[in-house]
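What follows is a set of notes on a single structure, which appears directly below.
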Amino acid sequence: MAVRKLTNQLKGPRFLALITLITTGIGACGTESSKEPTDELYQERHRPQFHFTPPAMWMNDPNGMVYFDGEYHLFYQYYPDDTVWGPMHWGHAISRDLVHWEHLPIALYPDELGYIFSGSAVVDWNNTSGFGDGDQPPLVAIFTYHDPVRGKAGTNDHETQGIAYSVDRGRTWTKFDGNPVLPNVDRHKDFRDPKVFWHEPGSRWIMALSAFDHVQFWASKDLKSWQHLSDFGHQWGAHGGTWECPDLFELTVEGTDEKKWVLLLNLNPGGPQGGSGTQYFVGDFDGTTFSLDESFAETLGQQEAVWLDWGRDNYAGVTWSDVPATDGHRIFMGWMSNWDYAQQVPTHPWRSAMTLPRTLQLKRTAEGYRVTSTPVRELEALRRKSVKLPRQGISESVDVTGLISFPVHMSQVVLRFDKSASPGTDFGIELSNNHGEKYRIGYDGSTNTFYSDRRNAGDNLFSDKFADRIHRAPRENSSDIVEMRLFLDVASVELFADAGETVMTDIFFPTSPFERLVLYSNDGSVNLIDGEVLQLKTIW
């Protein structure tokens, strides 16, 4: 069948400068660069040091995350001409350890069918598509075409699904000449973000696709011809905005042989703190229909949604496909920003970072099935020095900065508190700098919530929505032992509380990096059972 070859050649002096930036500053995949970081490269103000960021320009949703031949592929929504959203491309990076990343040339460019919106990628092990060359299975990317001209004209059929393939380990991509493989015949205004996986019992590919306010499921034998199967979501979950970036996968319930299906669903607006957010559903999938678990349905009868992350800055996250079963974990990554202010944040010459890669697990709790998130174990490779914090009671505040001989703003902090002596106390950690800026994250016993307070954490004038409230997350765990595991980067915090049962991700922009760490307790005392602060090195 005829195909249309997709060129990867970059054009113009700006692209040459970008490639120079990439190739001179980033080491080989899975290793550290032999060059020391410079002020010009990955040392800019607010640049994350152990989170993935593009070398320059705009980035949003992670796309096409697939594992093949020892490499984790991360594609992402990318606009190479500006630091704000524009005609979407697929940027591309690879890693052998989920920690260090090698930037590769742009994988997919817009063409006459439209911009290249979000999607997924798979290894076509059985060459069902016929794209393989006999030496190895092809990688196939499934993505949304967005036709801006038809969209502006209000046709409501301007989003369709296309595919492309690679037979050289993802280095170059060829678009299928028969695109689009899934036209928008029902004229959904929002018809996008295909997430595809091989369903072994049915011997066919399954696609989860967002259609404005619900998810559609489609099936194919060859990734080219698709049949509509069923819909889900009209009557379930949060509906404050457009449903986007679904993901459907099976997990084993921790400590049992029971298996359930999890459907991730991103929406914007309508998140738990305003703007973007990620909810999920637990149920069963029979190869055609996703049905909600009865106990999970009861939960949704009492609350709007169950959120994967209760912070302001985790959106459009999906999981890697084709991770070997022997590895044993489902790996998630999200875009660490929020559409309420993503295009205004004070970073240059890049905008946006990804969250840390996380392992998702399914637990049966007193409240029902819950998905937990914990940082992938590979991040332990970043650890350097470690400081143990002494067991002590905290009734007001304890400054532990003097115990720490490395930058607090690049660290992992693990704390376990016993709140039994004063169940209603408010406690946590405060980060601050010499500019009088401070950030607090902790637990409020009077409301049984974790919280993140960035109202005084630095620059927030770029948006009146950025620091308009304290972000709160309910705690479902009833234990008196409160565990807080935090990853502190230059301009972000990720909290994994109670073994990942409650997760919060927030970004902030202090005038200078936070350098002081204080433990505090208000309206009572709390006992620090144990604590540790671990230095984390840069990945660049």
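Bear in mind these aren't lab numbers, they're just calculated from the coordinates by the rules spelled out. Computed from a prediction, not measured in an experiment: that's the story for all the values here. Heads up, the Cβs are rebuilt from the backbone with ideal geometry, glycines too, and the neighbour counts pull from every protein chain shown.
Observations
- Distance from the Cα centroid of region 308-335 to that of region 414-438 is 29 Å (rounded to whole angstrom).
- Karplus (6.51, -1.76, 1.60) ³J(HN,Hα), θ = phi - 60°, over region 42-51, in Hz, Gly and Pro reported as x: 6, 10, 5, 4, 6, 6, x, 10, 9, 10
- Here is how the number arises for the chain: DSSP H runs of 4 or more residues each give -39500 (n - 2.57), the sum is divided by the residue count, and the result at 222 nm is -1500 deg cm²/dmol.
- Inter-label distance, residue 234 to residue 396: 6.1 nm, where each label sits 7 Å from its Cα along the C-beta direction.
- GluC sites (Glu not before Pro) restricted to DSSP loop in region 450-540 with at most 16 other C-beta within 10 Å: 476, 515
- Global form of region 299-456, assessed from the alpha-carbon gyration tensor, a/c cut-off 1.5: rounded
- Shape category assigned to region 384-471 from the gyration tensor of Cα positions, a/c cut at 1.5: oblate
- Taking amide H as placed 1.01 Å from N in the peptide plane, the amide H of residue 204 sits under 5 Å from that of 199, each at least 5 places away or on another chain.
- In this structure, the amide hydrogen of residue 511, modeled 1.01 Å from its nitrogen in the peptide plane, lies closer than 5 angstrom to those of 459, counting only residues at least 5 positions away or on a different chain.
- Computed from the C-beta positions of residue 111 and residue 327 and an R0 of 35 Å, the FRET efficiency is 0.50 to the nearest 0.05.
- Placed amide H near residue 104: partners under 5 Å, 5+ positions off or other chain: 92, 93, 94
- Sites matching GluC sites (Glu not before Pro) across region 100-164 that sit in DSSP coil, with at most 13 neighbouring C-beta atoms within 10 Å: 112
- Estimated distance in nm for a label pair at residue 186 and residue 256, the labels positioned 7 Å out from Cα along Cα-to-Cβ: 3.2
- Reducing region 231-295 and region 148-174 to their Cα centroids gives an inter-centroid distance of 25 Å.
- Local electrostatic count, residue 272, Cβ distance below 10 Å [Lys/Arg +1, Asp/Glu -1]: 0
- Three-way shape label, region 383-536, alpha-carbon gyration tensor, a/c 1.5: oblate
- Between 0 and 90 degrees, the angle of helix 12-25 with respect to the longest Cα principal axis of the chain falls at about 50 degrees.
- Segment residue 512-residue 43, length gained on full extension (0.36 nm per residue, minus Cα span): 167.6 nm
- At most 16 other Cβ within 10 Å, DSSP loop - GluC sites (Glu not before Pro), region 177-259: 254, 258
- Look at 116, 429 and count the other Cβ atoms within 10 Å of each Cβ; fewest to most, that gives 429, 116.
- Mean-position separation - Cα centroids, region 183-225 and region 463-536, in angstrom: 38
- Which labelled figure in (1) 148; (2) 194; (3) 170 is volume of the Cα convex hull per residue in Å³, once derived from the coordinates: (1)
- Extended-chain gain in nm, criterion 0.36 nm per residue less alpha-carbon gap, residue 169 and residue 384: 74.1 nm
- Entries in 260/537; 221/260; 195/260 that, when Cα-Cα distance is taken, lie over 27 Å: 260/537
- For residue 465, a cut-off of 29 angstrom between C-alpha atoms picks up these lysines, skipping any fewer than 8 places away in its own chain: 152, 189, 438.
- For residue 98, neighbours were defined as the other residues whose beta-carbon sits under 12 Å from its Cβ, and their charges (Lys and Arg +1, Asp and Glu -1) total -2.
- The string of couplings for region 289-301 from the Karplus curve (6.51, -1.76, 1.60, θ = phi - 60°) is 10, 9, 10, 6, 4, 4, 5, 5, 4, 5, 4, 5, x Hz, one whole number per residue in order, with x for Gly and Pro.
- Residue-count net charge about residue 300 - beta-carbon cut-off 14 Å; Lys, Arg +1, Asp, Glu -1: -4
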